[in-house]
Amino acid sequence: MIIFGTKGYLYQLAILTLVCGRCGNPSAHTLRKRVTKFTLFFVPLFAISTKYATQCTFCGAEQQVTKEQAEHLQVQSVSGHGGHAHGQSQQPYQS
């Protein structure tokens, strides 16, 4: 018997101060990376999907961003031009 499936991981890359496109408030936004990995016998082997998004902490609106946009936002947060940076934290989510 072979046991396989997928498992999701959520990485918080940075917290940025941005103006929300939905509510219009200048508020903190989390920059997140969601990775889905293929597992074999509950061991994650390789990534099959990677998505980036920002989420407004005021209204909860989530906006998908490209990898390049996410990298640019992360560089801004480290250099101090868009908020303050936090280290990566990893939280598995249920898929």
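Each reported figure results from applying straightforward, stated rules to the coordinates on display, with no laboratory input. Being a predicted model, the structure only gives us computed values, none of them experimental. Heads up, the Cβs are rebuilt from the backbone with ideal geometry, glycines too, and the neighbour counts pull from every protein chain shown.
Put a dot 7 Å past each Cα toward the Cβ at residue 28 and residue 57; how far apart are the dots in nm? Here the modelled spin labels are 0.2 nm apart.
What's the Kirkwood radius of region 12-81 in Å, using all Cα pairs? Computed over Cα pairs of region 12-81, the Kirkwood hydrodynamic radius comes out at 13.2 Å.
Here the simple spin-label model places points 7 Å from the Cα toward Cβ, and for residue 35 and residue 67 these points are separated by 1.2 nm.
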